[in-house]
Amino acid sequence: MKLRETEAAALYREATARGERGPECLGDDLLFRASTNDLGADARERIAAHIAQCSDCAREYRVARAMRPFDAEARAVLGRHIPQWWAAAAAAVVIFTIALYAWQITAALRDAQRSLVIEQGQLAHARQELARARLQVHAAALPVPQIGVPIVDLDPEPTRGGPAAAASVDVPSGTDEFALVLHLPPAIRAPAALAVIDASGTIVWRGSAAHGLDAGTITLVLSRHLVRTGDYVVRVDKTSFPFRVTWR
């Protein structure tokens, strides 16, 4: 059965108890340490010399030797603590781990800051490029004055007899528009529906004229992007104005 620390110490003191102690006798702690070989060579020689001359100390020394199985407990009771070097090592490992983690966090923050600076620079460059592209698009979209724009008068197609010859519109190179002046019959009143129809009968543009019909004319400007070279008809309500356009 294993004794507790306090029980081992009490047993030792009870076994070695004596009525009077001489001033030259050895202490209980010293005898117990001597029995466990926990002393230096000089101290052991001094104790051996005393035990050889003192029967009381010799008896107590024999009792202490008999209690050697309780060495660990006795050491704890007598105050002999084994140095806890492993606790210091564990603390050092924890400190090292914390320092390493802090260094990694600092390095990650530096990398994030550098990446943020680079991305901000790229964003600023992209904004500059976008502003430059917008200026170029705006400049390209500005209307350019047209020189030599043809202006052609169109009369309505007669309601009786054969079809009238289509007016010819010849647009020179470098010009992207032409104007048609439609002479309206008196029966057309505002608002009038307008449509531009190609040779296949497809309506390429549709609109209305709500004002300006009192003068009896409508001025219609068509662009190269709307009509191509070919035959067309402008229809105002039920009145047709045929024409043929040629782009140079």
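The values are calculated or read from the model by the stated rules, or taken from the named source; none is laboratory data. Predicted, not measured: the structure shown is a model, and the values here were computed from it. Positions of Cβ are backbone-derived with ideal geometry, glycine not excepted, and every protein chain shown enters the neighbour counts.
When the strands (runs of 3 or more DSSP E) confined to segment 162-212 are screened for residues that are touching a residue at least 24 places away in the same chain (Cβ under 8 Å), closer than 21 Å to His225 by Cβ and under 59 Å from the mean Cα position of the chain (by Cα), those reaching at least 2 such residues are found at 177-183, 192-198.
Checked against the criterion of being assigned by TED's automatic domain parsing to the domain that holds His225, within 15 Å of Pro242 (Cβ to Cβ), of a type in the set (Gly, Ala, Ser) and surrounded by 11 or more Cβ atoms within 10 Å (Cβ to Cβ), segment 177-187 has no qualifying residue.
So that you can scan it fast, the table gives a plain yes or no per residue for (1) at pLDDT 80 or above; (2) within 60 Å of the chain's Cα centre (by Cα):
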| residue | (1), (2) |
| --- | --- |
| Ala52 | yes, no |
| Glu60 | yes, no |
| Gln84 | no, yes |
| Ala87 | no, yes |
| Ala99 | yes, yes |
| Ile105 | yes, yes |
| Asp111 | yes, yes |
| Val117 | yes, yes |
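One residue alone among Asp198, Asp214 is loosely packed, with under 14 Cβ neighbours inside 10 Å and either among the acidic types (Asp, Glu) or not assigned by TED's automatic domain parsing to the domain that holds Ala167 (or both), and that residue is Asp214.
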